[in-house]
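Here the structure comes first, spelled out in structure tokens, and everything after it is commentary.
The values are calculated or read from the model by the stated rules, or taken from the named source; none is laboratory data. Computed from a predicted structure; not experimentally measured. Cβ: placed from backbone, ideal geometry, glycine included. Neighbour counts: every protein chain shown. Note: accessible area is taken over every heavy atom of the protein model, side chains too, but ligands, DNA and RNA are not part of it. Shrake-Rupley method; radii C 1.70, N 1.55, O 1.52, S 1.80 Å.
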Amino acid sequence: MSIRLIAIGTSAGGVTAIQRLMALLPKDFRIPLVVVQHLPSNPGINLSLVFGSAMHFPVFEAVDKLAIEAGTVYFAPPGYHLLVEKDQTFSLSQDEPVHFSRPSIDVFFEAAANAYGTHLCGVLLTGANADGAEGLRLIAQQGGVTLVQDPLDAEVNAMPRAALALFQPHFVGSLTQIAHKLTELARGSDVC
Amino acid sequence: MSIDPIERHLFLEGIFLRFGHDFRLYAEASLNRRLNSLLTRFQTDSLLKLLQRILETPALFRDVLPFLTINTSEFFRDPTFFRALRENVVPVLKTYSKFTIWVAGCSTGEEVLSLAILLKEENLLKRAIIHATDINAQAIKRASEGIYELSTMQTYNRNYTSAGGTKNPSDYYTAEYGLARFDPALLENVVFSEHNLATDAAFVEAHLILCRNVLIYFNRDLQDRVFDLFTSSLAYKGFLGIGSKESMRFSPSATHYETIDQDLKIYALRSDSATVRNQINRGVQP
Ligand SMILES: C[S@@+](CC[C@H](N)C(=O)[O-])C[C@H]1O[C@@H](n2cnc3c(N)ncnc32)[C@H](O)[C@@H]1O
């Protein structure tokens, strides 16, 4: 099974978790990663700028119609739902918040599951609410791979626990173990 | 629930043929979400069954349309955009004795009022004709009333100042019974009308077009059409402002514009693009 996109959802504790996870990935990691992170306190912040210098991958904010490229990390822009189309370009929406969140992880996971099917890997990390659980289940339903951070490893465990209460993901583990899994997936993939 | 692509196709085609509203070139992923909530609202699991009901009872369409559009708006949204308008566009507008502005996709009017307030503070409101258009007739009606929940005034107050407002934000409305009623004089030179960017033609020559957070709902083909429509609707060196996460760089139209503000998405028609405009107007592919 070849994975063409990795969709990551997180809220509270996410900035640190994402930084650690990215640092654990090999430099030649080619599968594009999309991060949907809630930012309750500062709605105007552009995460791609926050992370840009700290990562060994090119980092962009996901703007409307941008084409997804290999070896790149994208962040959902604050204030918009992020979606992805079948032609592997981003689209945005200002539909109502979901789980009080815009961007919502569920919204991105669902769109990604529809667009990528079995070629998608969804990852749910530390976070303070249930956003992402339902979306991750949809990813599994459409044949994608699902990874959840072990609640014991997560800074805030509500988000991983909500997923585990809903269904059994393919893998539950620490950030380090998740990084290994992703690296394995990348090896088995014929990513363009 | 995932939307069946064949049913979706037939549904959108049917709506277009019967009502003339063309959603066929909307961005799929977000339209799918809207279609899902439409199915929930009409308590059915099939777009085909729903289409049949709508075709039998066309009056239902009035309740369908609002589900297909997203009308989220905010006063002075992205306040820095309005600051940039003051800095880069207002000085040019000041050189005209009369000018025209088109707000495309005006929704419930927050953007039009913000613009009118800005123009008033620059002593330009009396020189302006503002055309505010949308496909959602209910939204237009609300926009033309200029009345909002008092609770939304918090955002207004906050954004007004960051947008470079120089007065007391509450100078422009009166509060009564939990509602904020904006000074009707602000909307005196505003013409509200229904206009569909997907199907309707150019109807003004504008010195400034604002179309923010509308293009994100369209696919690239439809975006290209709309950019063409704007190119053919802009006066010599006219300005175009789009949403902060929208971009013209994926469209062939980009070559006809120069970038005035990269981050805030303000563009101006290049002075040499008059021929392009004429070609578009005559239906020739530039
Ligand atoms: C999210 S609102 C944007 C409101 C405002 N411009 C702003 O930025 O705050 C999008 C608006 O675009 C309108 N719209 C959608 N499709 C349209 C079309 N084909 N032609 C004209 N307006 C359209 C919707 O009805 C809705 O009011």
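Against the list (1) more than 15 Å from the ligand (Cβ to nearest atom); (2) on the phi > 0 side of the Ramachandran plot; (3) crowded, with 18+ Cβ neighbours inside 10 Å, the condition B:Ser107 fails is (1). Among the residues of the range A:108-145, those that are under 16 Å from A:Ile18 (Cβ atoms) and assigned to a strand (DSSP E or B) comprise A:Cys121, A:Gly122, A:Val123, A:Leu124.
Among the residues making up the range B:207-217, those that are under 15 Å from B:Gly105 (Cα atoms) and more than 9 Å from chain A (Cβ to nearest Cβ) are B:Leu208, B:Ile209, B:Leu210, B:Cys211, B:Arg212, B:Val214. When A:Asp87, A:Asp95, A:Asp131, A:Asp106 are checked against the criterion of being over 16 Å from the mean Cα position of the chain (by Cα), buried (at least 18 other Cβ atoms within 10 Å of the Cβ) and charged (D, E, K, R), a single residue qualifies: A:Asp95. Note on the range A:141-184: residues that are open to solvent by 40 Å² or more (accessible area, probe 1.4 Å), over 12 Å from A:Leu125 (Cβ atoms) and among the aliphatic types (A, V, I, L, M) amount to 4. When B:Leu85, B:Leu12 are checked against the criterion of being assigned by TED's automatic domain parsing to the domain that holds B:Arg181 and open to solvent by less than 60 Å² (accessible area, probe 1.4 Å), a single residue qualifies: B:Leu85.
Among residues of the range B:166-185 that are farther than 12 Å from B:Ile147 by Cα, those with a Cβ under 6 angstrom from a residue that is among the polar types (S, T, N, Q) and outside any strand (DSSP E or B), sequence gap 6+ or separate chain, pair up as B:Pro169/B:Asn157.
Screening the candidates B:Arg34, B:Arg41 for the property of being open to solvent by less than 40 Å² (accessible area, probe 1.4 Å), within 14 Å of chain A (Cβ to nearest Cβ) and basic (Lys, Arg) yields one hit, B:Arg34.
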